[in-house]
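The values are calculated or read from the model by the stated rules, or taken from the named source; none is laboratory data. Please read these numbers as outputs of a predicted model, since none were measured by experiment. Cβ sites come from the backbone with ideal geometry, for glycine too, and all protein chains shown count toward neighbours.
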């Protein structure tokens, strides 16, 4: 793309580069150069423009491409393929299309922009370009279908670990799979599955991480945050993705060995923001309060009711939130 070529030219120059030089080098008009510069600025690049001098790159934004992803994950042995799309309808949809055509995986698809991103219960997921992480994996685990739901918790654990390794931020998990920083949500995970009789055909964990978003819709503004807001700077997405893959390979391997979370309970509970806190269990049969104690080997949340009774809460049946807010 022209904007990527111009960014490379500005980085090579190290000083002001005239618009005319850029036009001649890439065989385009001044208007095309100006539009490309405007796009780079939208994606976080700080570019000075001076009459008779041209353009100077002051600060590089977070531009992501397939080459950068491949380089960051070149030593990875888990994924069989990594694909990058500048724009796509939905990474989950693309993975499912490829799964139905017989691709085996493990496969990772990353997009800079989604035009039809979805969250839980079919909600739209805002997916603008040059800002956040949108990715999905194709997995074909040899586990019983009733245990596949735990892959969502494994994914949340890997996202939390990846963000922590890449940024140094303290990351927690709101059971079962909301990744939170400072008590606010920074990641959504949508896991979809296809089964054939008593076997899993494929599982698709879809992940959306708020990386460089600075403003959120009014309905989630009080409960959402991003990595750049927490770090106070632009955060590069490729290292976060690379660290996520490294964590996922380790945690997914542990899960598939036992088909439960017995070997991951300790690390999951160390990140569990609900642990030892009073929570409200939103059960269709009637909401109730209790204290979250941890998780079971099957990923259920152990909650001690006010009458002393211990209850194991299953995700998908009920939801849990803090007494005084989101967590």
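Specify which of the listed residues (22, 108) is touching a residue at least 24 places away in the same chain (Cβ under 8 Å) and closer than 30 Å to residue 191 by Cβ.
Working: 22 fails: closer than 30 Å to residue 191 by Cβ.
Among 22, 108, only 108 is touching a residue at least 24 places away in the same chain (Cβ under 8 Å) and closer than 30 Å to residue 191 by Cβ.
With the requirement that a residue be closer than 22 Å to residue 172 by Cα, free of Cβ contacts under 8 Å to residues at least 24 places away in the same chain and assigned to a strand (DSSP E or B), what does the stretch 275-327 give you?
290, 291, 293, 302, 304, 312
Within the stretch 48-82, can you find the residues that are part of a strand (DSSP E or B) and surrounded by fewer than 19 Cβ atoms within 10 Å (Cβ to Cβ)?
Passing the criteria: 48, 49, 50, 56, 58, 59, 81.
Would you pick out the residues in the stretch 58-76 that are at pLDDT 90 or above and in contact with a helix residue (DSSP H, G or I) (Cβ under 8 Å, 6 or more places away or on another chain)?
Selection gives 69, 72, 73, 76.
Restricting to the stretch 5-40, what's the tally of residues that are surrounded by 15 or more Cβ atoms within 10 Å (Cβ to Cβ) and within 20 Å of residue 237 (Cα to Cα)?
3
Does any residue of the stretch 213-234 turn out to be outside the structural domain of residue 174 (by TED's automatic domain parsing), part of a loop (DSSP other than H, G, I, E, B) and touching a strand residue (DSSP E or B) at 6+ places or on another chain (Cβ under 7 Å)?
Looking through the stretch 213-234, none of the residues is outside the structural domain of residue 174 (by TED's automatic domain parsing), part of a loop (DSSP other than H, G, I, E, B) and touching a strand residue (DSSP E or B) at 6+ places or on another chain (Cβ under 7 Å).
Name the residue that is nearest to residue 182 (Cα to Cα), counting only residues in the stretch 235-262 that are at pLDDT 95 or above and outside any helix (DSSP H, G or I).
Within the stretch 235-262, the match that is nearest to residue 182 (Cα to Cα) is 261.
Of the residues 110, 95, which single one is in the same structural domain as residue 214 (by TED's automatic domain parsing) and in a strand (DSSP E or B)?
110
Does the stretch 199-212 hold any residues that are over 11 Å from residue 163 (Cα atoms) and outside any loop (DSSP other than H, G, I, E, B), and which are they?
Selection gives 199, 200, 201, 202, 203, 204, 205, 206, 207, 208.
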